[in-house]
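One structure below.
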Amino acid sequence: MTSAAAQKISIGRPDTLHIVQGQMSVSGDPDVRICTLLGSCVSACIRDPIARIGGANHFLLPDRRESMSTLSYGVHAMELLINELLCRGARKDRLEAKLFGGGRMVRGLSDIGSQNAEFAQRFLTNEGISHIGGSLGGVQARRIEFWPYSGRVRQQLIEAGDVFETETKKAPPAPVEDAGALELF
């Protein structure tokens with residue numbers, strides 16, 4: 001995850017912070033908005049309405065087990081966001097959250113989107129953070145714009161038709177011509 005300062009991009013409006021999977025951003029500036037595009041990933045938009053500071057993260061895979069150790073991306077993403085808010089003057093007992101994403105983007109595979117959504121809801125409950133809204137699930141991607149100072153969120157569903165139908169209608173890949181001998185080095 002990277003800080004808000006590292007996320008400011010000169011393309012477009014100077015007050016827009018773009019985050020992608022594995023990132024987060026925090027701001028208390030009334031003119032700043034945090035934007036992200038979500039499919040099966042989840043974004044937690046969390047703020048302290050009294051301190052007027054907030055932030056958003058973007059994560060996939062709430063829990064991934066590797067050999068003997070457990071690496072939990074969801075917990076890591078949520079803890080980084082909350083800790084950054086607390087470092088900037090927010091109080092945990094005043095935090096409120098809106099959750100977005102968690103869509104089912106690929107039919108026939110495990111529903112990682114619902115796992116992400118369930119994790120985020122459970123995390124908020126366990127941490128005593130108010131879940132005051134958002135939009136989870138479905139089969140469409142979403143574009144999210146979050147104004148951390150005011151807590152306002154705008155969601156735009158990406159109208160690409162049914163994701164599953166689109167995926168099954170793709171043309172088969174073109175055959176690869178024999179390019180001769182293959183040399184490995």
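Remarks
- Selected residue (criterion: modelled with the lowest pLDDT) from residues of the stretch 5-33 that are surrounded by 18 or more Cβ atoms within 10 Å (Cβ to Cβ) and touching a His at 6+ places or on another chain (Cβ under 8 Å): Gln7
- Assessment of the stretch 95-116 against the conditions (of a type in the set (Lys, Arg), buried (at least 17 other Cβ atoms within 10 Å of the Cβ), within 18 Å of Val153 (Cα to Cα) and under 18 Å from the mean Cα position of the chain (by Cα)) yields at least one matching residue.
Conditions tested, residue by residue: (1) open to solvent by 80 Å² or more (accessible area, probe 1.4 Å); (2) modelled with pLDDT under 95; (3) of a type outside the set (A, V, I, L, M).
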{"site": "Asp48", "(1), (2), (3)": "no, no, yes"}
{"site": "Asn57", "(1), (2), (3)": "no, no, yes"}
{"site": "Leu61", "(1), (2), (3)": "no, yes, no"}
{"site": "Ser67", "(1), (2), (3)": "yes, yes, yes"}
{"site": "Tyr73", "(1), (2), (3)": "no, yes, yes"}
{"site": "His76", "(1), (2), (3)": "yes, yes, yes"}
{"site": "Gly89", "(1), (2), (3)": "no, no, yes"}
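- Residue, most open to solvent (accessible area, probe 1.4 Å), within the stretch 126-156, restricted to residues that are under 13 Å from Gly103 (Cβ atoms) and of a type in the set (Val, Ile, Thr): Val139
The values are calculated or read from the model by the stated rules, or taken from the named source; none is laboratory data. Computed from a prediction, not measured in an experiment: that's the story for all the values here. Note: ideal-geometry Cβ built from the backbone for every residue, glycine included; neighbour counts use all protein chains shown. Only protein heavy atoms, including side chains, enter the accessible area calculation; ligands, DNA and RNA are left aside. Shrake-Rupley method; radii C 1.70, N 1.55, O 1.52, S 1.80 Å.
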